[in-house]
Amino acid sequence: MAIIEASFWKVDVIFILAMGFLILSSMKGNSQPLVPALFIFGDSVVDVGNNNHLETVVKSNFPPYGRDFINHHPTGRFCNGKLASDFTGENLGFTTYPPPILSKEANGKNLLLGANFASGSSGYYETTAKLYNTIPLSKQLGYYKEYHKKLVDFAGKSNATSIITGSIYLVSSGSSDFVQNYYVNPLLYKVYTPYQFSDILIEAYSHFIKELYKLGARKIGVSTLPPIGCLPASITIFGEDSNECVTKMNSVAEYFNKKLNATSLILKAKLSGLNLVVLDIYKPLYDLVQKPSDYGFFEARKACCGTGLVETSFLCNEKSPGTCANATEYVFWDGFHPSEAANKILSDDLIVAGISLVS
């Protein structure tokens, strides 16, 4: 009974907040989003196709990726359909998504929507992206500076300034630093404890936010680390024959998230006018993994694609044996990334924390 009551309470809260968004949107005009634009930085959780334009093994612009997306078309999203950031954009009133900065769509009037700078296998640690020939956060900032110049040329300095300061910036990073670098890289795990490495990442995060602030960003939402020990690939590779979440990896994620919260409070206090909100991904995804049936899911240990144990990128392809027919029953699409159905639930949770970014 308690679980049912809690579920109804959560639905009521989301409904009320969604109605609040609709009311705010109607006050601004029926066709106007709640903010001028949306800018997205980070890794594969929010990459919408930038890696398509890179010489890297970390890609997803082929089936079965995108099979449940618009027109059943693979775009470079590491998912069967929409990302949590896509749903967030829709919640903000956007009818189209910010284009990947490396695409030809990132020009002209599309600049007014914002842009997506994220790159799969990127991270706070500079060399994580270099290992996979993807775009580190420092270079994502460089692309943002170039975007800013294009926006001024297209919309004028005054309009560009208004867009830059009034828009929402989403940052999602850190998972690849651990799962695809630290835990498989003896040059790191033999030198640093995972907690020392976390501290290094937090310093990089702080520097990134300061640089983004210098460039005009004032409304920033940063996601926590997910329970990285619960990713199907993490359990398969690091679980030591256990079929449960890797506790030591989740403990590191929890430590990182505490430091992220504390550092964000310090940044808000130091940087005048900064609205910096930490968006908790850890708890809602952990809940999905621990109690999938409570949220309408059948499977949380294995992903939909292939065996569901390790597949991602080119290992998840049209010929992968065993790929599920209905991804809505699965928390994870591939070994590292949530399904569209899980992303929808995660985005609904973000409404609660992120509504302050709209005001």
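Values quoted throughout were computed directly from the atomic coordinates according to the rules given, and no laboratory measurement underlies them. Everything numeric in this text was worked out from a predicted model, so none of it was measured. Heads up, the Cβs are rebuilt from the backbone with ideal geometry, glycines too, and the neighbour counts pull from every protein chain shown.
Using only Cα coordinates, the Kirkwood hydrodynamic radius of the range 232-343 works out to 15.6 Å. Amide H contacts of residue 277 (H built 1.01 Å from N, in plane; Pro and chain starts excluded): 220, 221, 222 sit under 5 Å, all sequence-distant by 5 or more or on other chains.
With N as its number of residues, the range 33-357 has a Cα radius of gyration that, divided by 2.2 N^0.38 Å, comes to 0.93.
When a/c reaches 1.5 or more, the comparison of a/b and b/c decides; with that in mind, is the range 148-276 rounded, prolate or oblate per its Cα gyration tensor? Because a/c hits 1.5 or more and a/b exceeds b/c, the range 148-276 counts as prolate. Overall size of the range 289-359 from C-alpha positions, given as principal axis extents largest first: 47, 26, 17 Å.
So if I average 1/r over every pair of distinct C-alpha atoms in the range 200-286 and take the inverse, what Kirkwood radius in Å does that give? List each step's numbers first, then the result.
Values: mean 1/r = 0.0708 Å⁻¹.
Radius from the Kirkwood sum: 14.1 Å.
Shown in residue order for the range 332-347 are the 3J(HN,Hα) couplings computed by the Karplus curve 6.51 cos²θ - 1.76 cosθ + 1.60 at θ = phi - 60°: 10, 7, 10, x, 10, 10, x, 6, 4, 4, 5, 4, 5, 5, 4, 5 Hz (x for Gly and Pro). Once C-alpha pairs closer than 8 Å and six or more residues apart are averaged by separation and normalised to the residue number of the chain, the relative contact order reads 18 percent. The GluC sites (Glu not before Pro) of the range 278-359 meeting both criteria, a DSSP state outside H, G, I, E and B (loop) and at most 12 other C-beta atoms within 10 angstrom of the site's C-beta, are 318.
The region of the chain that goes longest without hitting one of the trypsin sites (Lys or Arg not before Pro) in a DSSP loop, each with at most 16 other Cβ atoms within 10 Å, is 191-318. The range 70-93 and the range 180-196 have their alpha-carbon centroids 32 Å apart.
Judged by the ratio a/c of the largest to the smallest principal axis of the C-alpha gyration tensor, the range 137-182 counts as prolate, that ratio being 1.5 or greater while a/b is larger than b/c.
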